[in-house]
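Report on the following structure.
The values are calculated or read from the model by the stated rules, or taken from the named source; none is laboratory data. Note that the coordinates shown come from a computational prediction; the quantities given were computed from them, not determined experimentally. Reconstructed Cβ throughout: ideal geometry from the backbone, glycine too, with neighbour counts over all protein chains shown. Surface accessibility is based on the protein's heavy atoms, side chains included, excluding ligands, DNA and RNA. Shrake-Rupley method; radii C 1.70, N 1.55, O 1.52, S 1.80 Å.
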Amino acid sequence: MLTRPIRAGGLTIGGGSPVVIQSMTNTDTRDISATAAQIRALAEAGCELVRVAVPDMEAADAIPGIKKLIGIPLAADVHFNHRLAVRAVENGADKLRINPGNIGGIDGLRRIVSICAERGVPIRVGANSGSLGKNILKKFGGATAEAIVASALEHIGLLEGLGFDKIIVAVKSSNVPVTFEAYTLLSKKTDYPLHLGVTEAGGAYSGTVKSAVGIGALLLNGIGDTIRVSLTGDPLEEIRAAKEILRAAGRRRFGVEIISCPACGRSHADLARLAALVEKGAGHIKKDVTIAVMGCEVNGPGEARGADIGIACGKGCGLVFANGEIIKKITGRGTPGDPSYEESLAEEFLRIAEDHI
Ligand code: SF4
């Protein structure tokens, strides 16, 4: 769904721009060097917008120091105290995440809106299943998709009532079907950019699967302008997961994409080893390319032909394809399963790949 574009720092969120990858630091924001170091690592991994928690004035006052050390826009996450939000924006936050219902009354909200409008800083609002008010829970009989959307629309209404419209919205639930339903519903009611996420998704494995299902389904339906995969643990995992979700949904490309079959009794090589060697050897390639590594003649030629470059293993050999054509038959040294066999195939394949990419 085409949303209106909203600027945050040097980024555009919405309006058909590439879906922005976000994460959130888990350092103490008051510790400037630790927070900046984590943000730099996140940015290096592919994070494009980072959020930091601002629980007190010391954290708000750490923002200028952090910003000097990082190169991506910073969002301040503030609750319960409008003064912290105002200070965060005065100190250079590029985006604000607040809950207009708990930030200190309408006068406090007015002050926040005024400084955000003056500095061109967008506000992300939203509801999630764990933060709904008693009235809404009662009206909808629980944290349903409709309840979450009604709460988000209330937040939007509060900001619009103060003449503010640089808004980004999220409607997260820890329940994947509810998250899906809520965003689907919201996308029909607003054209503000949508920040996708499954809240409290869990640890790296289960959280990635939950996020992939929820965020992925929405992305495939054309919904979503920025994503955050919430995982308990190292936020770097969030970036890896976000990139894979966007890649799988066909929404972004990030350098080399390896397509490899799971291998079975027909495979003519130790495919796990061959694919790992190719992936490692192609790690420096920055271009957006697909490389297929396939075990036999059943699906191998088809996948290898469809990739930018690919190898389909045969008996003691590999057929190399580039741009849909067979360009060479290469032979491995030794016998399949000997480390030298897959190593020699990978070596030669990568040499050819370099020439064709
Ligand atoms: Fe098995 Fe061949 Fe399919 Fe790979 S391509 S999974 S080796 S049948």
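When segment 233-256 is filtered for residues that are open to solvent by less than 60 Å² (accessible area, probe 1.4 Å) and not aliphatic (A, V, I, L, M), the ones remaining, listed by number, are Gly233, Pro235, Glu238, Lys243, Arg247, Arg252, Phe254, Gly255. Pairs linking a residue in segment 102-122 that is more than 12 Å from Asn81 (Cα to Cα) to a residue that is β-branched (Val, Ile, Thr) and assigned to a helix (DSSP H, G or I), with Cβ atoms under 7 Å and 6 or more positions apart or on different chains, are Ile115/Val86; Ile115/Val89; Cys116/Val89; Arg119/Val89; Val121/Val89.
Residue pairs whose Cβ atoms lie under 9 Å apart, sitting 6 or more positions apart in sequence or on different chains, and linking a residue in segment 277-297 that is among the basic types (Lys, Arg) to a partner that is outside any loop (DSSP other than H, G, I, E, B) and more than 16 Å from the ligand (Cβ to nearest atom), are Lys280/Ala346; Lys286/Val256; Lys287/Val256.
Name the residues in segment 159-187 that are of a type in the set (A, V, I, L, M), under 19 Å from Leu109 (Cα atoms) and either open to solvent by 10 Å² or more (accessible area, probe 1.4 Å) or modelled with pLDDT under 95 (or both), would you? Matches in segment 159-187: Leu162 only.
Residues in segment 307-325 that are open to solvent by 10 Å² or more (accessible area, probe 1.4 Å) and more than 13 Å from the ligand (Cβ to nearest atom): Asp308, Gly316, Cys317, Asn323, Gly324, Glu325. Checking each residue of segment 126-141 against the condition of being at pLDDT 95 or above and within 18 Å of Pro193 (Cα to Cα) gives no match.
For (1) in a helix (DSSP H, G or I); (2) more than 16 Å from the chain's Cα centre (by Cα); (3) modelled with pLDDT of 95 or more, each residue gets a yes or a no:
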| residue | (1), (2), (3) |
| --- | --- |
| Ile227 | no, no, yes |
| Ser230 | no, no, no |
| Phe254 | no, no, no |
| Arg305 | yes, yes, yes |
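For Pro301, the conditions (1) within 16 Å of the ligand (Cβ to nearest atom); (2) touching a residue at least 40 places away in the same chain (Cβ under 8 Å) all hold with the exception of (2). Every condition in (1) touching a Gly at 6+ places or on another chain (Cβ under 8 Å); (2) open to solvent by less than 50 Å² (accessible area, probe 1.4 Å); (3) within 11 Å of the ligand (Cβ to nearest atom) holds for Arg266 except the one numbered (2). Would you confirm, using the coordinates I've provided, whether Glu342 is open to solvent by 20 Å² or more (accessible area, probe 1.4 Å) and of a type in the set (D, E, K, R)? No, not satisfied. Only residues that are charged (D, E, K, R), away from the ligand (no atom under 16 Å from the Cβ) and part of a loop (DSSP other than H, G, I, E, B) were counted in segment 269-297, giving 3. Sort out which residues of segment 49-78 are within 22 Å of Asp107 (Cβ to Cβ) and under 24 Å from the mean Cα position of the chain (by Cα), and write them in order of number. Passing the criteria: Val54, Ala76, Asp77, Val78.
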